[in-house]
Amino acid sequence: MIANRSDMAVIKPFRIAAAEPWRFTVWHGLVLVAALLVALGIGEAQAAAAEKPGIIATILKWTPLLAQGFALNIAMSFLAMAIGTVIGVPLGLAQISLLPPVRAGSWFVTQFFRNSPWLVLLFYCMLLLPFEVNIGGTIIPLPGWLKSTIGLSLPVMANVSELVRGAVRSIPFAQWESAESLAMSRGQTLRMVILPQCIKRMTPPWMNLYAILTVATPLTSVVGVSEAMTLTGDILSSEARTELLVPMYLYLLLWFFLYCYPIARATLALEKRFQVR
Amino acid sequence: MPWTPDQPLVRLADVHKTFGGGVEVLKGITMDVMKGEVICIIGPSGSGKSTLLRCVNALVPIDRGSILVEGQEVNDPKLDKLALRRKVGMVFQQYNLFPHKTALENVMMAPVHVLKRDKKEVERQALALIAKVRLTGKEESYPGELSGGQQQRIAIARSLAMNPDVMLFDEVTAALDPETVKGVLVTIRELAEDGMTCMIVTHEMGFAREVANRVYFTDGGVLVEHGPPKEFFASPRDPRTRQFLDQIL
Ligand SMILES: Nc1ncnc2c1ncn2[C@@H]1O[C@H](COP(=O)(O)OP(=O)(O)O)[C@@H](O)[C@H]1O
Ligand SMILES: [Mg+2]
């Protein structure tokens, strides 16, 4: 399955099981900051030559609006992660069910959503979900951002499901046998022996999944959600200045880096700590 | 006919087991283990020793034959496996203890949650069992903080906390550092001296000679021969037994 790997981790299906998961490193940050500085320098020179307001001043002017958009990215990432986890965990447990149909069904669902491109799932959700749902007489509107969030939660769900299955399988079989020979039922074994150990193993890849999801939220701009990426486009078209384009997008990227890099560090630290024991 | 203690506590009759791959791992095993008896099973690796033990507490279902534990048929689709396993304790080669629980919690978990016994009373028994395996002071240690031998002794205490009638040991010292083996063997020997019925798979011939009432030699899924340890080790009859003992001693 190496062929499926690509540095466009966000759009292509990715595999947690792969040796090194994709994540932000300090090098990404350095390159990003360097590129931003160069772009700002060039931009300021062009702006000065054209006698227009400075690039930095313009970017700062738009920063509050950008922050609003970014808040929506974060909100969508939280919600998609929550939905994906709440559904993904039972789905993962269904994958280790003793009932073959349950196992097969949950496996299929997991594989389907894990291997579908995120963008395709987003479009499907945008087009197939209604703009409002009627639950027992109460009409709940489904705005675009919510539909996209549901769209993003599908691959999260599938990846969490796979994380659960992988974690359960990584527990030595003797743990099952030990619990069983103490007359513990399957439920007790899972609840008291297997899953507590899985949580520890799952936390770092789960955090990594969250970082990947966050970086994927700008995909929703393609379906018109007013998040940071969309707003950046709007800002650029209202300013109508070509020298602003590169610095502006690099600036936006920096926001994502600053948000995700600490998560990547924490993930690494946890992985190290768990390896020791 | 109800089981009485003068009948074999564990009785295997013509037990056959074939795994998915199609290789017959147990080819008609017959043996009786009386109450209070200690038997050791030796044999080359792959001869089906672990499988044999796992059949006794229904971790592995058998294809043909009969296994009676205190008169209860194990090879019965309606078997209450959990009830059987309350009577049969088992310790494995490794990864026995639950790494996220302390030694004391490991010992207490099953009596509290499976037998629903009173927590205070279980704790008292657990502390006594930990003392019995000479690990007083390690109650609050996590398995990762214990040596392999100490872990195995806690695992034995944990099985004993269920008050089993028979204990199965599957090469419990095979994965240990040599210096921690002795403590585990001492613990098992004391258990045997207390009258616990034990079925022990081991590679420790000196230990088998010392502790067993009867030694069984398996090879290729059959019981080749068995006898009291003195005779068994001094004058093995079958050439396969002789060859195995020559290799290992
Ligand atoms: N769950 C299983 N599925 C398939 N084959 C198995 C399983 N358990 C054991 N075997 C096979 O059965 C044979 C006997 O294994 P085992 O009982 O572990 O032998 P021993 O404990 O004497 O080394 C081996 O060839 C092993 O590969
Ligand atoms: Mg074995």
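The values are calculated or read from the model by the stated rules, or taken from the named source; none is laboratory data. If you're wondering where the values come from, they're calculated on a predicted model, not measured in any experiment. Every residue, glycine as well, gets a Cβ built from its backbone with ideal geometry; the counts of neighbours run over all protein chains shown. Just so you know, the surface numbers come from the protein's heavy atoms only, side chains and all, with ligands and any DNA or RNA stripped out. Shrake-Rupley method; radii C 1.70, N 1.55, O 1.52, S 1.80 Å.
None of A:SER237, A:SER178, A:SER185 is more than 16 Å from A:LEU152 (Cα to Cα), more than 10 Å from every other protein chain (Cβ to nearest Cβ) and among the polar types (S, T, N, Q) except A:SER237. In region B:202-209, the condition of being touching a residue at least 60 places away in the same chain (Cβ under 8 Å), part of a loop (DSSP other than H, G, I, E, B) and open to solvent by less than 10 Å² (accessible area, probe 1.4 Å) is met by at least one residue.
Yes or no, residue by residue, for (1) at pLDDT 95 or above; (2) loosely packed, with under 15 Cβ neighbours inside 10 Å; (3) β-branched (Val, Ile, Thr):
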| residue | (1), (2), (3) |
| --- | --- |
| A:LEU152 | yes, no, no |
| A:MET157 | yes, no, no |
| A:PHE173 | no, yes, no |
| A:ALA183 | yes, no, no |
| A:ILE194 | yes, no, yes |
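Residues in region B:51-71 that are open to solvent by 40 Å² or more (accessible area, probe 1.4 Å) and within 14 Å of ligand 2 (Cβ to nearest atom): B:ARG54 only.
Residue count for region B:9-39, restricted to those that are within 19 Å of the chain's Cα centre (by Cα) and open to solvent by 20 Å² or more (accessible area, probe 1.4 Å): 9. For the criterion of being open to solvent by 10 Å² or more (accessible area, probe 1.4 Å), more than 9 Å from every other protein chain (Cβ to nearest Cβ) and more than 32 Å from the chain's Cα centre (by Cα), A:ARG201 fails. The set of residues from region B:153-172 being buried (at least 18 other Cβ atoms within 10 Å of the Cβ) and within 12 Å of the chain's Cα centre (by Cα) comprises B:ALA155, B:ILE156, B:SER159, B:LEU160, B:PRO164, B:VAL166, B:MET167, B:LEU168, B:PHE169, B:ASP170, B:GLU171, B:VAL172. Entry remark, region B:130-155: residues being touching a residue at least 24 places away in the same chain (Cβ under 8 Å) and part of a loop (DSSP other than H, G, I, E, B) number 10 in total. Among the residues making up region B:72-95, those that are open to solvent by 30 Å² or more (accessible area, probe 1.4 Å) and within 16 Å of ligand 2 (Cβ to nearest atom) are B:GLN93, B:GLN94, B:TYR95. Within region B:21-51, the set of residues being assigned to a loop (DSSP other than H, G, I, E, B) and within 11 Å of ligand 1 (Cβ to nearest atom) comprises B:GLY21, B:GLY22, B:VAL23, B:GLY43, B:PRO44, B:SER45, B:GLY46, B:SER47, B:GLY48.
Reported count of residues in region A:222-238, each being crowded, with 20+ Cβ neighbours inside 10 Å and under 17 Å from A:LEU119 (Cβ atoms), is 3.
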